[in-house]
Amino acid sequence: MSESINPPEDAETDPVRIPESPRLSDSEEMEPVRVPESHLASMQADMAKLMDLAAQHDRQIDDLSAAPPAPDSPFAAYGLPSFAGLPPASAPPEPRPILELEDEEYEDELDALSDWVDDFLMRVYGAEVTTAAPWCEQWQEHDDVVAWLHALWLAYQQHKDAEAGLSGLFVWHRDFLTHAMATVRAAGGPLSACMTDPDRPAHRLLPGPRPSNRTTSAIEEPDEPEDRVDHEETGEPGQASG
């Protein structure tokens, strides 16, 4: 029968001992660690990446600790800094009265207005053409009608926006639509000489008032020549004297 081998009594109590590294005397020096040249290039590349990451972290910390963003930042409303290289958000152009526009700018605005009037306004709110509510299929040639409808269109764009609230379109109906259509299609309004029967299209531009006397006199009476004024002051021959 084989004998059992028992561990020594102090096996569980004695900790594992790790041999200490040899100590160098003051006169001895450690040999330098030599890195193979094949590994040196990759170590340099890794070090460059670490330095780039550290620089990016520094820039992010500077952005987060900087002052609030400028008003032209597209993220200013959310309190976020603008990103480098991103152009500032430009403010939308302010609307201008259509009669102040010229050439191609006027034609483009009139085309957009015509689409809205024909496809939406008159289709929904046109009502019947009568002597009490005339209309003109060439309304684009009536400057006053164009100005009224353009202003109505601008107000519609403003009041249908979410910032106008749930009552925005009600305000547009009450304060803008009713008044503008009543003026444009009034029995004695700018279209009164045009179509009063849907089966009889007609178009006529009513003449407006003449310029005031002050404007007319300034155009018709030329300035008096200077030489005539000089003759009257000096009394030279050729001029009637008292």
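Points worth noting:
- Between segment 102-150 and segment 179-203, the alpha-carbon center distance in angstrom: 12
- Taking all protein chains together, Ser114, Ser167 sort by accessible area into Ser167, Ser114, largest first [probe 1.4 Å].
The values are calculated or read from the model by the stated rules, or taken from the named source; none is laboratory data. Please read these numbers as outputs of a predicted model, since none were measured by experiment. For accessibility, only protein heavy atoms count, side chains too; no ligands or nucleic acids. Shrake-Rupley method; radii C 1.70, N 1.55, O 1.52, S 1.80 Å.
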